[in-house]
Amino acid sequence: MMDEFVYKLCTEDKNFAAIATVMPDGSPHVSIVWIDADEDYIYVNTAEGRAKPENLRRDNRVAVSIFDADNLYKQAMVKGTAVEDTETDAEEHIHRMAKKYLGLEKYPHGKPDEIRIVFKIKPESVFKLE
């Protein structure tokens, strides 16, 4: 079961997250992402060919810092593992995220040949600043 505070940060309002993955040389790779969740997992949508999917498939360890957009001191730092990635419904998911974050019906930055994927992240430890 997802921590309630983390779940709310992921699903309520337009809160952004920083996701850290491990590069092939062991160095960190961090990027700002839109975030989503259900009762058990955090979801991150990305595209094939980017660093995140390559890193997570090679080393599934991940850290996610989620910020409250209205109060940056209110945040959660989550360590976990990427347990699954899928193309199924990923295009629909990025459009839902565009609606949430941009108020648009369709994600405006997609490319015609882009393959969207969603990573399912299982939280394993949480540090909160409420």
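Throughout, read-outs are computed from the coordinates displayed, never taken from laboratory work. These figures come from a predicted structure and were not determined experimentally. Every residue, glycine among them, receives a Cβ derived from its backbone with ideal geometry; neighbour counts consider all protein chains shown.
Quick notes on this structure:
- Exposure proxy ranking for Asp13, Asp70, Asp3, based on other Cβ atoms within 10 angstrom of each Cβ and starting from the fewest, stands as Asp70, Asp13, Asp3.
- Residues considered: Val64, Val33, Val118. Largest GNM mean-square fluctuation over the chain, using C-alpha springs under 10 Å, is found at Val33.
- Averaging the sequence gap over all C-alpha pairs within less than 8 Å and six or more residues apart, then dividing by the number of residues, gives the chain a relative contact order of 29 percent.
- Taking His29, His109, His95 in turn, the Gaussian network model of the chain (Cα-Cα springs below 10 Å) assigns the largest fluctuation to His109.
- For the stretch 4-129: lysine pairs under 12 Å (alpha-carbon distance), excluding those fewer than 8 apart on one chain: 6
- Note on the stretch 14-68: the C-alpha convex hull projects to 4.0 nm² when averaged across all orientations.
- Gained length - Glu84 relative to Glu4, 0.36 nm times residue gap less alpha-carbon distance: 26.6 nm
- Sparsely packed loop sites in the stretch 25-83 (the GluC sites (Glu not before Pro) outside DSSP H, G, I, E and B with at most 12 other Cβ atoms within 10 Å) comprise Glu39.
- Residue among Thr46, Thr21, Thr88 with the largest mean-square fluctuation in a Gaussian network model of the chain, springs linking Cα atoms under 10 Å: Thr88
- The residues neighbouring Ala82, those whose beta-carbon lies less than 13 Å from its own, together hold a net charge of +2 under the Lys/Arg +1, Asp/Glu -1 convention.
- Among the GluC sites (Glu not before Pro) within the stretch 86-126, those in coil by DSSP and having at most 11 neighbouring Cβ atoms inside 10 Å are Glu87, Glu105.
- Charge dipole (the chain, unit charges on Cβ, about Cα centre) - positive-most of Gly26, Thr88, Ile66: Gly26
- Net charge dipole size for the chain [Lys, Arg +1 and Asp, Glu -1 on Cβ; Debye, nearest 20]: 360 debye
- Per-residue ³J(HN,Hα) for the stretch 119-130, Karplus 6.51 cos²θ - 1.76 cosθ + 1.60, θ = phi - 60°, Hz, x for Gly and Pro: 9, 9, 10, 8, x, 10, 8, 9, 10, 10, 10, 9
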